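Below is one structure; the comments refer to it alone.
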Amino acid sequence: MCSWRVTSSIAAARKSDLLGPPGTGRFCCPRAADTYAFHFRGARLIRLENVTKIYNSEVTALRDATFDVAKGEFVFLVGPSGSGKSTLLRMMNRQESPEKGAVWVAGRDINEMPDSKVPHLRRNIGNIFQDYKLLLNKTVHENVAFALEVIGRPKHVIRQQVPAVLDLVGLTGKEDRFPHQLSGGEQQRVSIARAFVNRPLILLADEPTGNLDPATGEGIMRLLDRINKTGTTVVMATHDQRIVNMMRKRVIQMDRGIIVRDQARGVYE
Ligand code: ADP
């Protein structure tokens, strides 16, 4: 099953560019004329290798971070405020670049990628934030449709995919509401729909339950779990002990920029 759609400029990249580091697997060749799809067959979808991030030559936000995330995994990043969780997430879509080390996504060293390829990378990575970041002057439908419009998806695709994803997140019937007419949990569902509508390979979630009451947060986690079960890899930064303990997924714990624990089916501690 092809899970990553990319545009022709990635497809036109030399075949050697499409080979990942040892052990990461490789992409297959493009198959369609205008939109290309690749198989990613490697075990490691994301790899951070000895990543160090220093802000303004003085704050070491990450120190020698190394880990792999397999395709389809669900990973929690936990740790106190300031421990480097958001920086780790921002490394994975090249919002930040490391001072040392390398970040591989789907077999490519994303810091070696030319700037012109970064939009294609980001198209395959959905982002969810604590404060939703919805467009306040657009309706639910328009917020989600906009994510497809900006990447040039045709109108008939938008007409089909937006209602389907709004159904998936449980917002059918609320398409015409504006964000201020929704609860916090509903706004987060819109933001998840927007992040997922293009079927990204990866969802990066930064404290998605941080502004929600426990019951609403649990509903959001059930939704992210369902999305993960469709094959989308989820990496989520959180302080929410209850949710981490409830989900029993892999836990990577940070402390002052250092990975101090990486545990399968972990709890918060
Ligand atoms: P967390 O997500 O765990 O709260 P962050 O990754 O946001 O941690 O921050 C890690 C450290 O890096 C903190 O000391 C923070 O103040 C610092 N930091 C984060 N972003 C920046 C930035 N853009 N400029 C300077 N320092 C930053």
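Against the numbered list (1) at pLDDT below 95; (2) within 12 Å of the ligand (Cβ to nearest atom), Q95 comes up short only at (1).
Residues in segment 86-102 that are surrounded by 19 or more Cβ atoms within 10 Å (Cβ to Cβ) and assigned to a loop (DSSP other than H, G, I, E, B): N93, E96, P98. K138 meets all of the listed conditions (1) basic (K, R); (2) part of a loop (DSSP other than H, G, I, E, B); (3) over 23 Å from I220 (Cβ atoms) but one, namely (3). Quick check, is G126 surrounded by fewer than 21 Cβ atoms within 10 Å (Cβ to Cβ), at pLDDT 95 or above and either assigned to a strand (DSSP E or B) or of a type in the set (F, W, Y) (or both)? In short, no.
Just the residues that are in a loop (DSSP other than H, G, I, E, B) and not small (G, A, S), please, taken from segment 157-187. Explain how you work it out, then say what you get.
Kept after step one, since they are in a loop (DSSP other than H, G, I, E, B), are these residues of segment 157-187: 169-178, 182-183.
Those that are in a loop (DSSP other than H, G, I, E, B) and not small (G, A, S): V169, L171, T172, K174, E175, D176, R177, F178, L182.
Hey, among L135, L148, L182, L171, which residue is over 24 Å from N50 (Cα atoms), among the hydrophobic types (A, V, I, L, M, F, W, C) and loosely packed, with under 15 Cβ neighbours inside 10 Å?
Exactly one residue qualifies, and that residue is L135.
Listed residues L203, L182, L224; which is aliphatic (A, V, I, L, M) and touching a Gly at 6+ places or on another chain (Cβ under 6 Å)?
Working: L182 fails: touching a Gly at 6+ places or on another chain (Cβ under 6 Å); L224 fails: touching a Gly at 6+ places or on another chain (Cβ under 6 Å).
Exactly one residue qualifies, and that residue is L203.
Within segment 124-134, does at least one residue satisfy the condition of being in contact with a strand residue (DSSP E or B) (Cβ under 6 Å, 6 or more places away or on another chain), touching a residue at least 40 places away in the same chain (Cβ under 8 Å) and of a type in the set (S, T, Y)? No: segment 124-134 contains no residue that is in contact with a strand residue (DSSP E or B) (Cβ under 6 Å, 6 or more places away or on another chain), touching a residue at least 40 places away in the same chain (Cβ under 8 Å) and of a type in the set (S, T, Y).
For segment 223-269, the set of residues classified as assigned to a strand (DSSP E or B), away from the ligand (no atom under 16 Å from the Cβ) and either without any contact (Cβ under 8 Å) to a residue 60 or more places away in the chain or over 21 Å from V105 (Cβ atoms) (or both) consists of Q263 only.
Can we say S183 is of a type in the set (G, A, S) and without any contact (Cβ under 8 Å) to a residue 40 or more places away in the chain? Spelling it out, S183 is indeed of a type in the set (G, A, S) and without any contact (Cβ under 8 Å) to a residue 40 or more places away in the chain. Filtering segment 53-91 to residues that are within 9 Å of the ligand (Cβ to nearest atom), more than 12 Å from A237 (Cβ to Cβ) and of a type in the set (D, E, K, R) leaves K53, E58. Filtering segment 200-241 to residues that are of a type in the set (D, E, K, R), at pLDDT below 95 and surrounded by fewer than 21 Cβ atoms within 10 Å (Cβ to Cβ) leaves nothing. Beta carbons closer than 6 Å, at least 6 apart along the sequence or on distinct chains, pair a first residue in segment 188-207 that is of a type in the set (S, T, Y) with a second that is away from the ligand (no atom under 16 Å from the Cβ) and modelled with pLDDT of 95 or more for S191/Y132.
The values are calculated or read from the model by the stated rules, or taken from the named source; none is laboratory data. These numbers were taken from a predicted model, which means no experiment stands behind them. Backbone-built Cβ (ideal geometry, glycine too); neighbour counts: all protein chains shown.
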